[in-house]
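Bear in mind that the values in this text are calculations on the coordinates, not laboratory data. Predicted model only: the values in this text are computed from it and were never measured. No Cβ is skipped: glycine too gets one built from the backbone with ideal geometry, and neighbour counts run over all protein chains shown.
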Protein chains: 2
Amino acid sequence: MAYFNIILYDYFETLDAMGPAEVIGYLSESYILRFLSESGGIVKSTQQVPVETLPFAMMETSGVLLIPGGFGIRSLVNNEDYVERVRFFSEKATSVLTVCTGSALLAKTHLLDGRKATTNKTVYEWACSNGPKVNWLKRARWAKDGKYYTASGVSAGLDMIFGFVSDMHGIECANSLAREIEYVWNPDMDDDPFAVL
Amino acid sequence: MAYFNIILYDYFETLDAMGPAEVIGYLSESYILRFLSESGGIVKSTQQVPVETLPFAMMETSGVLLIPGGFGIRSLVNNEDYVERVRFFSEKATSVLTVCTGSALLAKTHLLDGRKATTNKTVYEWACSNGPKVNWLKRARWAKDGKYYTASGVSAGLDMIFGFVSDMHGIECANSLAREIEYVWNPDMDDDPFAVL
C-alpha cells in the first residue's frame, strides 16, 4: 500500500487534480489518496472547487507525488521555499507526475534537467521558460522519463494517469478501469491532438 | 448570472461532479458554481476526495442543477425525503443535468417519465429499474429532452457538459473551451462507444 499524494494550492486547475484522483481512487487496494497543501485546510481551485487538505507537515513522502497545474503556479515558480519543498518531496517520491503547468513548477527544481517532459500547449513558451535545460517535447500527450511523468494540458492528465496505471499494474488493469468510467483512453503518449508545431 | 448547483452526497463519483465543474468554472461571467449537500460541510467521494459544501437550506433554486452518480445513489433512491427534495429542486431549476447513475435518482422523482434519458452502461439494468416509465436509451453518450440532460457513465459527463455549453452559449464557445483544456470532445450525443446492445 502506497500513498498517492496530490499537492493542492489556491488556483489549482480542478481537472488536473481530479482526473487522476478519479482513476487512482479505484485502486484503493494499492493507494491511499491524499490531498496536501502548504498549510492544510480548504484550498480552492480556479473553478472555485473547495477541497479539504492536510498540511505539508503530514506528507508521507514515500509515496507517489502529483502536481496539478493552474493559475496558482504562476506565483509558486517564484517562491524559492515552495520550490525547495517540491524538490524535497519529488526526490523522495517513487514517481512524480505533473499535469499541465505543474511541470513548470517541477522544472524549477532542476530535477527535470536533461529529461524529456511536456506541458500545456496554450501557454507552452511560458511553461518551458521555467526549465531551460529540460528536453521539452512539443508533440506529446504525455512524456515519461525515469520516474517522471508529465502530461500536456488539463485533460491529458487522464490519458497520462491511465498510462501510469498501465506501467505499474498492467495494460489490462488500465483498459478495464477506462471501460469502468466510460473513458475513451488515448494510450499513445505521442498522439497529441493539441501539439504546438 | 445564474447559479450552477452541484449536489454532493457521501460516495459520489469524483469525476461525475468535477468534469462538469471544470468546464462550467471557465464560464464565471455566466455562472456561480456551488456545491451543496443535505447538511453541508465536508462530503467525501467514493475516491475519498473531501469537498466542502453548503447545506440544501442555502440552495438558490433558480439556477442549473447537476446530480452526479456514485455508490451513494444506491441508498438515496430509497430515501423518500431526499427524492422529494430532488424533485423540488429539479422543478425549480432552469436545466437539470445528471451524470452516470445520477439519472436513477432523478428518475425516482418521476420527472423523467415519458422522457428520453440515459445512464451508466455497466449498471444499466439497475439504473433503469428506478424509472420504469422513462424512455431509456441504450445507445447514447448523453440524452437531452426538454430541460433534462442525462449523461452515460462518468466521463460522458464531460461530453454532455460541452453539449450543454454548446446549446446555451454556442458551439464556438464549446469548441474553444475544449481546446483550452485539451479535451477531445465527442459532440455527437448518439456516438456511444460503451453502448449496451
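Once region B:120-141 is narrowed to residues that are buried (at least 24 other Cβ atoms within 10 Å of the Cβ) and within 11 Å of chain A (Cβ to nearest Cβ), the residue that is farthest from B:A107 (Cα to Cα) is B:R141. When the test is whether a residue is exposed (fewer than 15 other Cβ atoms within 10 Å of the Cβ) and not basic (K, R), B:D190 passes it. Cβ-Cβ contacts under 8 Å between residues 6 or more apart (or on different chains), taken from a first residue in region B:32-50 that is within 11 Å of A:E52 (Cα to Cα) and free of Cβ contacts under 8 Å to residues at least 40 places away in the same chain to a second residue that is among the hydrophobic types (A, V, I, L, M, F, W, C) and in a loop (DSSP other than H, G, I, E, B), are listed as B:V43/B:L8; B:V43/B:F12. Select from region A:91-119 the residues that are touching a Leu at 6+ places or on another chain (Cβ under 8 Å), hydrophobic (A, V, I, L, M, F, W, C) and either within 14 Å of chain B (Cβ to nearest Cβ) or under 19 Å from A:F12 (Cα atoms) (or both) and list them in ascending order. Those that are touching a Leu at 6+ places or on another chain (Cβ under 8 Å), hydrophobic (A, V, I, L, M, F, W, C) and either within 14 Å of chain B (Cβ to nearest Cβ) or under 19 Å from A:F12 (Cα atoms) (or both): A:V96, A:L97, A:V99, A:L105, A:L106. All conditions but one from (1) free of Cβ contacts under 8 Å to residues at least 24 places away in the same chain; (2) over 19 Å from B:L8 (Cα atoms) apply to A:G25; the one that does not is (2).
Within region B:133-152, residues that are part of a strand (DSSP E or B) sit with their Cβ atoms under 7 Å from residues that are of a type in the set (G, A, S) and surrounded by fewer than 23 Cβ atoms within 10 Å (Cβ to Cβ), at 6+ positions apart or across chains, in these pairs: B:N135/B:G114; B:Y149/B:S95. Scanning region A:17-34 for residues that are more than 9 Å from every other protein chain (Cβ to nearest Cβ) and either hydroxyl-bearing (S, T, Y) or part of a helix (DSSP H, G or I) (or both) yields a total of 3.
Here's the yes/no breakdown for (1) of a type in the set (K, R); (2) within 11 Å of another protein chain (Cβ to nearest Cβ); (3) touching a helix residue (DSSP H, G or I) at 6+ places or on another chain (Cβ under 6 Å):
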site	(1), (2), (3)
A:A151	no, yes, yes
A:D167	no, no, no
A:G170	no, no, no
A:V184	no, yes, no
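Within region B:75-102, if we keep just the residues that are among the basic types (K, R) and over 15 Å from the mean Cα position of the chain (by Cα), the residue that is surrounded by the most Cβ atoms within 10 Å (Cβ to Cβ) turns out to be B:R85. Every condition in (1) of a type outside the set (S, T, Y); (2) within 14 Å of chain A (Cβ to nearest Cβ); (3) buried (at least 20 other Cβ atoms within 10 Å of the Cβ) holds for B:G163 except the one numbered (2).
How many of the residues making up region A:78-110 are more than 25 Å from A:M1 (Cβ to Cβ), outside any helix (DSSP H, G or I) and in contact (Cβ under 8 Å) with a residue 12 or more places away in the chain? Number of matching residues: 4. Restricting attention to region B:1-44, the residues that are within 14 Å of the chain's Cα centre (by Cα) and basic (K, R) total 1.
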